[in-house]
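To start, the structure under review is shown below, and the notes come after it.
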Amino acid sequence: MKRMYTLWALALLMVGTAFLTGCEVDNGYDADDFYYDRYGWWNDSYRNPSSELLAMAQTLRGHWEGRLEARGRDADGNYGQKSYFTDMEFDQYNSNAIYGRGVQADYLSSTDRNPFTRRFSWHIDSWTKAIHLDYDNGYSMTIAWTDLDLTDNSFSGTMRGENETDRFSFRRYTLAKKGWIDLEEETDSLPTK
């Protein structure tokens, strides 16, 4: 009899399990879920960006130079301000991308031969139109849409990061990649080569 109760208990357990599971696969999609709609729209905007975001990225692409005023707090907690002549390059991943890579070089003066150079990844937020710069050293800055003035020939605004706010005013000087020219070849004589 004890064996019969054990078999009945196992049979009841198997039937109960069958009633508690369904045949329908739940993918977590809820048509009224705003988060799902937002995620799907965000994800699609990087594959198929709007014409407005694409025009913004294509305008941003290229080389910009100008003044950058950095204000912030250093590692010791002291507030300070520095002014730089800055050269920034924004390179699109491809012609239909609203993201890419870039380089920023900050010069203390026009004769500075040793700039502070940083590489970064950038993208345009498809919801807020803010430009996010994620530097390779882990630091990030954001240029909010409301703090941005971007035209074909001028780029100005405010970049904000942790303990730092940078005001900048740049002008475009080329769309092309820089071509490094070795000017020493022009002045070298044949015997010194």
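Bear in mind that the values in this text are calculations on the coordinates, not laboratory data. All values derive from a computational prediction rather than experimental measurement.
Just from the alpha-carbon atoms, what are the Rg and Dmax of segment 38-154 in angstroms?
My reading of the Cα-based Rg and Dmax gives 15.6, 49 Å.
What are the ³J(HN,Hα) couplings of segment 159-174, residue after residue, when phi is run through the Karplus curve with 6.51, -1.76, 1.60 and θ = phi - 60°? Round to Hz, x for glycine and proline.
Rounded to whole hertz, the list is 9, 10, x, 5, 6, 8, 9, 10, 9, 9, 9, 10, 10, 6, 10, 5.
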